[in-house]
Amino acid sequence: MGPLRLHNTLTKKIEEFVPRDSGKAALYVCGPTVYDSSHLGHMRAAIAFDVLRRYLEWKGFQVMHVQNLTDVDDRIIQRAQNEGVPTDVVTERYIGEYRQALQALNILQPHIEPRASRHIPEMVEMIKALIERGYAYYAEGDVYFDVTKLSAYGKLSGRVLEELKAGARVEPGEFKRHPADFALWKRAKPGEPNWESPWGRGRPGWHIECSAMSLKYLGMGFDIHGGGDDLIFPHHENEIAQSEAYTGREPFARYWIHNAMVMVRGEKMSKSLHNYFAVMDAMRRYPADVIRYTLASVHYRKPIEVDEERFVDAARAVDRLRGAVASADAVIARAKSGIGGPASQHLAGAAQRARETFEAAMDDDLNTAGALAAIFNLVAETNRATDEVAKGQSDAAQLQPGVATARATLKELAGVIGLVLGEAPVDARVAERVRDLAAALRREAGPLFTDHPGQNLDELVSYILAGRERARAKKDFSTADRIRGRLAEAGIVVEDLPTGPRWRVAAADGLRPPTGGADA
RNA sequence: GGCGGCGUAGCCAAGAGGCAAGGCAGGGGUCUGCAAAACCCCCAUUCCCCGGUUCGAAUCCGGGCGCCGCCUCCA
């Protein structure tokens with residue numbers, strides 16, 4: 001297969017990915033400032049780079065993934081002061097939430113998650129060197145980077161210093177020589193966290209942390225630097241300026257990858273616009289696969305509009321994916337051993353084609369939409385095969401090897417996108433509703449339900465279904481249909497197959513949540 | 001105003017010179033006690049508009065129109 005090609009913001013072109021060290025990929029991603037709960041926008045970034053990482057690994061690269069956590073920041077200080085607690089109470093809380101969200105969404109943990117507050121000495125060293133080399137200057141307890149000293153300033157974002165001069169604003173209390181100069185070090189204000197430095201007590205500016213930490217863990221000229229496209233200017237521009245001035249070399253990073261924003265009703269999702277979907281809110285309503293599918297269904301460099309309908313569509317699509325895996329499982333369970341045959345070979349061939357199409361799409365700047373199409377084509381092939389077995393037109397044993405291959409390929413390729421395609425994780429409320437339903441049915445329809453229902457969801461549903469089968473055996477279809485309807489209300493979908501009833505937790509339908517979506 | 005991007009069926013979305021992937025929704029059929037799922041068939045002569053280049057354009061060029069992001073903290 002061909003090489004991976006990625007869009008590089010630095011050149012605005014799609015380029016072949018050639019790492020600094022053959023076979024390895026050093027990846028640095030800008031993480032969140034932990035001053036508040038994360039929203040879907042943060043997850044889009046995390047997921048975009050999780051897919052990149054998984055794909056690099058799938059292609060055989062040995063990936064070193066570093067993602068920072070910004071825990072020194074004005075908004076954190078402000079929040080802590082509002083709550084009357086130390087800043088680390090605030091940062092610990094939101095770091096915890098963030099990690100929990102990542103884990104829930106099946107996002108691989110970065111190998112290193114450096115925090116700004118723990119890398120002050122590294123930043124101080126860098127700032128000292130920048131002053132010595134004439135790229136930074138001291139003013140009234142602050143230290144600023146002098147953008148006029150670097151002819152290449154603006155190369156990432158396409159900014160021109162002259163134009164920046166007009167637009168940039170200087171806050172009162174700042175002592176910049178040029179409006180586009182940015183703070184490397186800020187003198188301490190009363191009541192703020194601060195550290196000792198050659199310039200007096202203070203704290204680092206925002207941009208310097210990513211330079212210091214990426215250089216520390218990945219070294220100059222590392223492979224990929226990523227983040228949201230709203231970070232291109234000024235954050236990433238400034239990182240480049242500092243790092244290249246500091247080392248006297250370029251490039252700081254070889255490829256700059258930026259994900260586009262999540263939109264709500266035509267506007268960027270953000271805290272300040274109050275139009276965000278809190279991650280935990282979305283997670284309560286939709287399984288991780290559904291959220292990941294939604295975000296993967298659009299190319300990472302294109303803004304994605306999210307609304308309720310979109311998640312519902314995604315939930316149905318995920319159900320189709322899961323259904324194919326379940327049908328394959330049924331065939332595999334039925335055939336003790338596979339003897340194979342032409343149909344089996346045909347399916348195995350389809351799996352191979354899907355793999356190739358998938359890879360070609362992903363190689364093309366991570367075209368996840370195209371990659372999903374390849375997966376769905378294999379789903380259709382798999383369903384055709386399992387459908388024949390279900391209808392008795394084909395022998396399970398003769399299809400078994402191909403079905404097993406297709407199933408494994410489905411899981412593997414979907415796994416690169418981060419989709420699990422397992423049983424939907426059980427919402428606690430679903431289990432609760434099913435338990436209530438079992439109890440209610442026992443009361444209402446005694447003869448059908450005599451023994452004790454079990455405890456876990458599996459046992460409870462089996463118990464209800466067994467009672468329903470007794471009704472069906474007596475041709476009491478109105479009772480059977482009523483039970484099926486009530487299970488659906490509880491979030492369980494029942495399908496009567498020739499081999500008996502099959503059930504699954506609904507991915508979306510029947511799970512209309514009480515909480516609202518966007519709060520705007 | 002400067003920089004960047006987007007506009008493809010009812011909705012979502014790939015495709016970037018060779019004749020429109022995929023998902024959701026919809027219509028018809030098979031299967032089913034009924035449903036659901038699955039399967040089969042149908043669903044864009046056309047890709048915001050107008051010119052141009054070409055044997056050939058959704059794809060390239062020119063000009064419009066509409067929308068979005070960044071230029072301030074932001075994933």
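The table below gives the values:
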item	result
Of all residues making up segment A:469-490, the number that are surrounded by fewer than 15 Cβ atoms within 10 Å (Cβ to Cβ), of a type in the set (Gly, Ala, Ser) and within 20 Å of residue A:435 (Cβ to Cβ)	2
Search result, residues across segment A:216-245 that are in contact with a strand residue (DSSP E or B) (Cβ under 7 Å, 6 or more places away or on another chain) and open to solvent by 40 Å² or more (accessible area, probe 1.4 Å)	A:217, A:229, A:234
Subset of segment A:262-277 that is open to solvent by 30 Å² or more (accessible area, probe 1.4 Å) and in contact with a strand residue (DSSP E or B) (Cβ under 9 Å, 6 or more places away or on another chain) - its residue that is farthest from residue A:229 (Cα to Cα)	A:265
Tally of residues being under 26 Å from residue A:404 (Cβ atoms) and under 16 Å from the mean Cα position of the chain (by Cα) across segment A:268-317	6
Subset of segment A:216-235 [over 18 Å from residue A:49 (Cα atoms) and without any contact (Cβ under 8 Å) to a residue 40 or more places away in the chain]	A:220
Some residue of segment A:81-102 being closer than 19 Å to residue A:289 by Cβ, within 13 Å of RNA strand B (Cβ to nearest atom) and either open to solvent by less than 40 Å² (accessible area, probe 1.4 Å) or touching a strand residue (DSSP E or B) at 6+ places or on another chain (Cβ under 6 Å) (or both)	yes
Meets criteria (farther than 24 Å from residue A:55 by Cβ, modelled with pLDDT of 90 or more, within 14 Å of RNA strand B (Cβ to nearest atom) and open to solvent by less than 10 Å² (accessible area, probe 1.4 Å)) for residue A:321	no
Some residue of segment A:246-253 being assigned to a strand (DSSP E or B) and surrounded by 22 or more Cβ atoms within 10 Å (Cβ to Cβ)	yes
Filter result (within 9 Å of RNA strand B (Cβ to nearest atom) and either in contact with a Pro (Cβ under 7 Å, 6 or more places away or on another chain) or not in a helix (DSSP H, G or I) (or both)) within segment A:482-503	A:493, A:494, A:495, A:496, A:497, A:498, A:501, A:502
In segment A:103-122, the residues that are more than 20 Å from residue A:26 (Cβ to Cβ), open to solvent by less than 40 Å² (accessible area, probe 1.4 Å) and in a loop (DSSP other than H, G, I, E, B)	A:105
Residue tally, condition among the acidic types (Asp, Glu) and without any contact (Cβ under 8 Å) to a residue 24 or more places away in the chain, over segment A:36-87	3
One residue from A:63, A:51 being within 21 Å of the chain's Cα centre (by Cα), more than 11 Å from RNA strand B (Cβ to nearest atom), under 23 Å from residue A:243 (Cβ atoms) and crowded, with 17+ Cβ neighbours inside 10 Å	A:63
Residues satisfying the stated conditions in segment A:324-338, i.e. in a helix (DSSP H, G or I) and either open to solvent by less than 40 Å² (accessible area, probe 1.4 Å) or within 11 Å of RNA strand B (Cβ to nearest atom) (or both)	A:324, A:325, A:326, A:327, A:328, A:330, A:331
Restricting segment A:384-412 to residues that are of a type outside the set (A, V, I, L, M) and under 12 Å from residue A:350 (Cα atoms), the residue that is nearest to the chain's Cα centre (by Cα)	A:409
The lone exception for residue A:450 - which of (1) assigned by TED's automatic domain parsing to the domain that holds residue A:350; (2) away from RNA strand B (no atom under 16 Å from the Cβ) it fails	(1)
Flag for residue A:359 being within 10 Å of RNA strand B (Cβ to nearest atom) and either farther than 30 Å from residue A:296 by Cβ or open to solvent by 10 Å² or more (accessible area, probe 1.4 Å) (or both)	no
Pairs with Cβ under 6 Å, 6+ apart, first in segment A:310-339 and outside the structural domain of residue A:499 (by TED's automatic domain parsing), second of a type in the set (A, V, I, L, M, F, W, C) and in a loop (DSSP other than H, G, I, E, B)	A:312/A:508; A:315/A:507; A:315/A:508; A:318/A:507; A:319/A:507; A:321/A:421; A:322/A:421; A:325/A:421
Verdict on residue A:446 being touching a helix residue (DSSP H, G or I) at 6+ places or on another chain (Cβ under 8 Å) and modelled with pLDDT under 90	no
Breaking point among (1) more than 8 Å from RNA strand B (Cβ to nearest atom); (2) assigned to a helix (DSSP H, G or I); (3) farther than 20 Å from residue A:338 by Cα; (4) not assigned by TED's automatic domain parsing to the domain that holds residue A:468, for residue A:377	(1)
Flag for residue A:300 being open to solvent by 10 Å² or more (accessible area, probe 1.4 Å), within 23 Å of residue A:65 (Cα to Cα) and not in a loop (DSSP other than H, G, I, E, B)	no
Condition met for residue A:466 (open to solvent by 60 Å² or more (accessible area, probe 1.4 Å) and either under 28 Å from residue A:337 (Cβ atoms) or within 16 Å of RNA strand B (Cβ to nearest atom) (or both))	no
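Residues checked against (1) open to solvent by 20 Å² or more (accessible area, probe 1.4 Å); (2) touching a residue at least 60 places away in the same chain (Cβ under 8 Å); (3) out of contact with any Asp or Glu (no Cβ under 9 Å at 6 or more places or on another chain):
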{"position": "A:372", "(1), (2), (3)": "no, yes, yes"}
{"position": "A:383", "(1), (2), (3)": "yes, yes, yes"}
{"position": "A:387", "(1), (2), (3)": "yes, yes, yes"}
{"position": "A:406", "(1), (2), (3)": "no, yes, no"}
{"position": "A:411", "(1), (2), (3)": "yes, yes, yes"}
{"position": "A:418", "(1), (2), (3)": "no, yes, no"}
{"position": "A:429", "(1), (2), (3)": "yes, yes, yes"}
{"position": "A:436", "(1), (2), (3)": "yes, no, yes"}
{"position": "A:440", "(1), (2), (3)": "no, no, yes"}
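The values are calculated or read from the model by the stated rules, or taken from the named source; none is laboratory data. As the structure is a prediction and not an experimental result, all values here were calculated from the model. Don't worry about glycine lacking a Cβ; one is built from the backbone with ideal geometry, like all the others, and counts go over all protein chains shown. Protein only, heavy atoms only, side chains kept; ligands, DNA and RNA dropped before computing areas. Shrake-Rupley method; radii C 1.70, N 1.55, O 1.52, S 1.80 Å.
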